[in-house]
Ligand SMILES: Nc1ncnc2c1ncn2[C@@H]1O[C@H](COP(=O)(O)OP(=O)(O)OP(=O)(O)O)[C@@H](O)[C@H]1O
């Protein structure tokens with residue numbers, strides 16, 4: 001019997017998370033195929049679709065794991081739809097990935113599911129700038145809808161700086177949201193896999209920034225005991241977006257209650273594995289294999 005292939009959609013095989021997933025896949029006796037989405041060609045007709053990577057036809061894969069950045073979310077979605085049409089299990093399907101990547105649409109889905117989030121305002125008309133600012137108060141955080149790793153997340157401490165910031169964004173026709181600022185300078189990143197909490201860490205912003213992302217110099221420490229209400233909210237948020245795997249970012253409001261800032265559909269494995277000691281890559285691969293082998297394949301056979 002040939003070993004099953006697992007597609008890992010990643011632009012950069014040298015990245016920590018990609019390397020760890022490749023090693024975990026090999027360890028479990030599967031064949032990882034790292035596919036650069038930028039080198040993929042999809043051909044379809046009424047009979048179905050075929051995927052090429054460079055000049056090579058991609059063989060059937062039992063599963064696909066997206067490790068794609070925000071700027072290529074749509075491309076990643078097309079690839080995931082191809083894999084799903086082939087009967088492959090996708091760790092986060094196309095629709096869930098696209099929803100999670102649109103920050104405001106994701107907040108709308110969270111609110112719909114009863115998940116607490118900070119007060120957030122979306123607007124596009126410059127004449128509503130003062131109204132938007134008044135809705136969230138001071139200081140305020142402004143976010144680009146499709147930023148990541150803290151890029152595009154800005155703090156305005158006065159009305160004057162908020163006006164300048166928002167006028168610039170609207171002038172550049174960048175979609176943005178403003179959000180109530182949560183004091184505390186630290187958040188929790190909770191990793192959820194298949195409806196369970198796998199690991200969590202506390203991230204503290206450096207002294208010269210309010211953002212706690214590790215890429216912005218945030219410092220990560222182990223969370224001893226994740227409070228039960230925080231864990232429940234992380235699980236509910238992940239389910240609300242239809243994700244199987246996610247990094248949920250939570251911050252406390254003034255009363256210490258958890259609010260969901262964001263649900264990241266492609267969280268980095270690097271900080272969380274180092275801080276928690278949990279082998280996240282191995283857990284992902286085991287989950288992927290278990291789920292993939294349960295999907296009945298259209299031909300009656302597992303692809304191999
Ligand atoms: N409303 C807020 N109040 C206070 N700090 C905030 C707020 N929103 C975001 N931050 C800080 O900025 C960081 C980045 O914000 P956010 O997670 O929304 O952006 P991102 O660029 O999508 O990050 P990621 O790469 O984690 O997805 C947060 O981890 C948090 O430290």
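Mind pulling the angle between the C-alpha long axis of helix 159-171 and the longest principal axis of the chain? Nearest 10 degrees, somewhere in 0 to 90.
40 degrees
Helix-only estimate, please: 222 nm mean residue ellipticity of the chain, summing -39500 (n - 2.57) across DSSP H runs of length 4 or more and dividing by its residues, to the nearest 500.
Roughly -10000 deg cm²/dmol at 222 nm, from the helical runs in the chain.
Rank-order 52-59, 238-245 by packing density, defined as the average count of other C-beta atoms within 10 Å over each peptide's residues, highest first.
238-245, 52-59
For the chain, what is the per residue volume of the convex hull drawn over the alpha-carbon atoms, in cubic angstrom?
Roughly 147 Å³ of hull volume per residue.
What is the Cα centroid distance between the range 262-277 and the range 23-98, reported in whole angstrom?
22 Å
I'd like the orientation of helix 228-240 relative to the chain: the angle between its Cα long axis and the longest Cα principal axis, in ° from 0 to 90, rounded to 10.
Value to nearest ten degrees: 60.
If one takes the longest principal axis of the Cα atoms in the chain, at what angle in degrees, from 0 to 90 and to the nearest 10, does the Cα axis of helix 73-85 lie?
30 degrees
Coordinate-derived values only; no laboratory data. Note that the structure is a prediction, hence the values are computed from the model and not measured. Quick reminder, even Gly has a Cβ in these numbers, built from the backbone with ideal geometry, and neighbours come from all protein chains shown.
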